[in-house]
Number of protein chains: 2
Amino acid sequence: MSDRSDPFPTEETSPAGTLQERVYRELREEIMLGRFRPGEAMTIRGLAEKLGTSMMPAREALRRLVAERALDLLPNRRIAVPHMTPETFRELTEARVALEVLAARRAFPETDSALADQLDVINDEQDVAIAKGDWAGYQERNRAFHFALYERAPGRVLMPLIESLWLQIGPFLYLTRESLGTTYLEDRHVEAIAAIRDRDEDALALAVEQDIRDGMGGLPALLTQREARTATGR
Amino acid sequence: MSDRSDPFPTEETSPAGTLQERVYRELREEIMLGRFRPGEAMTIRGLAEKLGTSMMPAREALRRLVAERALDLLPNRRIAVPHMTPETFRELTEARVALEVLAARRAFPETDSALADQLDVINDEQDVAIAKGDWAGYQERNRAFHFALYERAPGRVLMPLIESLWLQIGPFLYLTRESLGTTYLEDRHVEAIAAIRDRDEDALALAVEQDIRDGMGGLPALLTQREARTATGR
DNA sequence: CCGCCCACAATGTGATCACAAATATGAGCG
DNA sequence: CGCTCATATTTGTGATCACATTGTGGGCGG
């Protein structure tokens, strides 16, 4: 009887409190919100010094983000923020549609009017952020909206995959920082909320799909334009 | 000219030749082919000793597999092969369908009769493995079949996600080891090959979807049955 | 005889160091 | 003045160690 004693000890992902966890979350947040320039290189020692720790936590945090495809491990063994090409961006969008529509459908039976109210609040906050020109706040609220919905779906498989995709999109957001207001910011959040209230699963799935496609629609063009600039100058 | 010099220096995943890479690949292979019992614990020092290295490579390989969800990091900070529940298994299947159908569609324009021939060979080898009762070989050839198809799709986003899913299914395969022959092993590989030859994208997508659903269809029942056994005894 | 507690072993985390490869720097030569 | 090659510096990888936490077993008290 060596293996017994509660086979499922509160299925958690990672024990907080470790240094590498703190470093990881900090970096992860910055990447997902697009604070790093695509192609920007990082060093273990540099990160360690910036965070005031030794090499080990920085090292493990970086390698973890590499494993989640949030960072690239170049053949020279240097770690850098991935480059963004229009093609990669399209692939990310397709993958997001496939997984997030699935997550929305899985979440649907667990949704209720309380969630709808909650999403309404987030949506309002997002509008405020737009009005204030708070680009980071806008992105953050958008993420909150999607994740609040998907997290209603039980299970431990889908969310990590979706989070990996959002992480990979992060560096791209860097290129859209100054474009708030000039870009088309209409989303399908109200349609999604309405679908939840109407108990219409297909409408919810459609709203999520369109929200992803619309929100990321006009951007590859802007990307190519920036790409050309960063390739030559810096 | 510090940032130039080929912006995409042979987009590789990780520089081979490092020790942790070797340890990682070895473990990864064993996990994906279902050689570990679900819930089985692993220690850094134990793995290091088994592989004849120091703690560091084992440590990084394990953490990388944790990041890819191939292993679980329990709250006690122990690393273990994930438990498999019927619900998690269903979620994995749904995610596989969503992503692999997408991958098949993206690969479709790049497929040709040469690939069809190649898949035919793999399929034959798979039949041989079944006839010989070579369970590991069967799993390996099945993976070869799917990946040979998906790898025709360009891009660096989809494949890692799919590989993560196959890794997560690995521990489940452990439970099916002795069931070769007793289980329903029909697949939709011939239909997929035919669809490629017929240049019928929808038929290919359907074949992939059915192959995944059929192949994993009867298994949750077998899973619950085993689960009950392993929960009490060992 | 049962339950609690404490000592001991095992384990993950973090720090530090050694080393080799890669990169940047600068001197010397054509 | 420009190119090349030697040298110094930076960086990732691997090894070793120290420490705190967790797991385990035995012994003491009830």
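Rolling a 1.4 Å probe over the protein chains gives A:K50 an accessible area of about 140 Å².
Projecting 7 Å from Cα along the Cα-to-Cβ direction, the label point of A:R37 sits 5.5 nm from its equivalents in the other copies, listed shortest first. Protein-only accessible surface at a 1.4 angstrom probe places the residues B:H83, A:H146 in the order B:H83, A:H146, largest first. Using C-alpha pairs below 8 Å separated by at least 6 residues, the relative contact order for the range B:8-104 is 27 percent. Summed over both chains, the accessible area lost when A and B associate is about 4600 Å², using a 1.4 Å probe. Between copies, the label points at A:E125 (set 7 angstrom from Cα along Cα-to-Cβ) are spaced 5.3 nm, reported in nanometres from shortest to longest. At a 1.4 Å probe, what is the % contribution of carbon and sulfur to the accessible area of the range A:19-80? Percent of accessible area from carbon and sulfur atoms in the range A:19-80: 49.
Each residue of the range A:27-40 was assigned a 3J(HN,Hα) from its phi angle through the Karplus expression (A = 6.51, B = -1.76, C = 1.60, θ = phi - 60°), giving 4, 4, 5, 5, 5, 5, 8, x, 8, 10, 6, x, x, 4 Hz with x at Gly and Pro.
Taking the label point 7 Å along Cα→Cβ, B:K50 and its counterparts in the other copies are spaced 3.7 nm apart, in ascending order.
Any residues in the range B:36-83 that have 50 Å² or more less accessible area with all protein chains than in their chain alone, probe 1.4 Å, and which are they? Residues of the range B:36-83 that lose at least 50 Å² of accessible area once the other chains are added: B:E60, B:R63, B:A67, B:R69, B:L73, B:P75, B:R77, B:H83.
For the range B:19-80, the average shadow cast by the Cα convex hull is 3.8 nm², which is a quarter of the hull's surface.
Do you know the relative contact order of the range A:73-157, to the nearest whole percent, from alpha carbon pairs under 8 angstrom that are 6+ apart?
Numbers: 42 pairs, mean separation 29.6, N = 85.
Reported as a whole number, the value is 35 percent.
Partner shielding of B:191-198 amounts to 0, given as the average count of beta-carbon atoms from other chains within 10 Å of each residue beta-carbon. Each part gets one Cα centre, and for the range A:195-215 versus the range B:193-216 those centres are 28 Å apart.
The values are calculated or read from the model by the stated rules, or taken from the named source; none is laboratory data. All values derive from a computational prediction rather than experimental measurement. Glycine gets a Cβ as well: all are built from the backbone with ideal geometry, and neighbour counts include every protein chain shown. Protein only, heavy atoms only, side chains kept; ligands, DNA and RNA dropped before computing areas. Shrake-Rupley method; radii C 1.70, N 1.55, O 1.52, S 1.80 Å.
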